[in-house]
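J.: Got a structure here, written out as structure tokens. Questions coming.
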Amino acid sequence: MTFNRALVTGASGGIGAGFARALAAAGTEVVLVARRRDRLAELAEELEQLHQVSVEVMPTDLADSAAIDPVIQRLADSDRPVDLLVNNAGQLTNGPFAELPLAGELQQIQVNVIAPMRLTHAALPGMIKRRHGGVINVSSIGGEAPSAYGAGYCGSKAFLTLFSQSLAIDVKRHGVHVTALLPGFTWSGDRRDLSPDAAISRRAVQEPDRVAREALVAVAAGRALCVPGLRNKRAVAIGRMVPRRVMNAVLASVNATISAAPQGPPGTARPQDHPTS
């Protein structure tokens, strides 16, 4: 399956920018959606110069429910059809749920759950009518197991994974493919900035461009689930086999290790389980 035009959210960096680069290199026109207008403009210029493809820029804060409306209208535009939607934008909060501001947790749900649902709902009718199209929802291996300091995040990603897999069954007969992408830790900045004593090994962190390429192969092939990287595949497989009480104990130990790890100065690039929008 090939795509003529794709819309990518959270496109200003990390996996989102990886999707934009991979799609443009394949000759696909791209619509870039993210909060940071300057980053989008830089990426658009890069893609146009390197690959001579049409690039649209839509600066949008998906945490604002009203701001999503223009993106929904763009997806529903039958004169300029989008045949691949990549819901990549995400938000991550970390800490004991009872101590986190509720507003931030609700905003996380808006970005990780509500926005992908609304955008997918807008894109699907046209794809079904044309009997061609794809949706990639960037979930996380974090949605495969509980985390003491990620209740809202893990819950939102668990929903997105099952939503995507269920939707894949619904629309497959119409020639539309839906794929849940479950990346693990992925570089969102300069890998050289990672502290040598960080709790996460450099070898465990993936390159965003590679993650994006694997996801594009998966959606084109009609696979409902894509877990890039051998380490992540093993983690997901083990997580599904190990009794939950054992997994809870292991995760509690891992969370304690990460929380105690030295942190770099503010603004230091660190590997993230999911890029923010």
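J.: Provide the gained length on full extension for the span Ala25 to Ile128, in nm with one decimal, where the gain is 0.36 nm per separating residue minus the Cα-Cα distance.
T.: Length gained, Ala25 through Ile128: 34.5 nm.
J.: I'd like the projected area of segment 1-131, averaged over all directions, using the convex hull of its alpha carbons. Report it in nm² with one decimal.
T.: Working: hull surface 33.5 nm².
Over all viewing directions, segment 1-131 projects a mean Cα-hull area of 8.4 nm².
J.: Continuing with the same structure: Ordered by packing density, taken as the mean number of other Cβ atoms within 10 Å over each peptide's residues, highest first, how do 130-138, 100-108 rank?
T.: In decreasing order of mean packing, 130-138, 100-108 become 130-138, 100-108.
J.: If you take the square roots of the eigenvalues of the alpha-carbon gyration tensor of segment 95-155 and sort them as a ≥ b ≥ c, do you get rounded (a/c under 1.5), prolate (a/b over b/c) or oblate? Walk me through the intermediate numbers first.
T.: Numbers: a/c = 5.94, a/b = 2.27, b/c = 2.62.
It is oblate, given that a/c is not under 1.5 and a/b is not larger than b/c.
J.: If you line up the Cα atoms of segment 56-164 on their principal axes, what length do they span on each, largest first, in Å?
T.: Extents along the principal axes: 48, 26, 18 Å.
J.: Okay, next question. Please state, rounded to one decimal and in Å, the Kirkwood hydrodynamic radius that segment 18-57 gives when every pair of distinct Cα atoms enters the mean of 1/r.
T.: 9.8
J.: For segment 25-83, what does the alpha-carbon gyration tensor say about shape, rounded, prolate or oblate, given a ≥ b ≥ c as the root eigenvalues, a/c under 1.5 as rounded, and a/b over b/c as prolate?
T.: Details: a/c = 3.26, a/b = 1.31, b/c = 2.49.
Note, shape of segment 25-83 comes out oblate.
J.: Among Ala22, Ala44, Ala76, whose Cα projects farthest towards the positive end of the dipole of segment 19-79, with charges put on the beta-carbon of Lys, Arg (+1) and Asp, Glu (-1)?
T.: Working it through, the farthest residue towards the positive pole turns out to be Ala22.
Every number here is computed from the coordinates shown, using simple stated rules; none is lab data. No experiment lies behind these values; they were computed from the predicted model shown. Please note: Cβ atoms are built from the backbone with ideal geometry, for glycine as well, and neighbour counts cover all protein chains shown.
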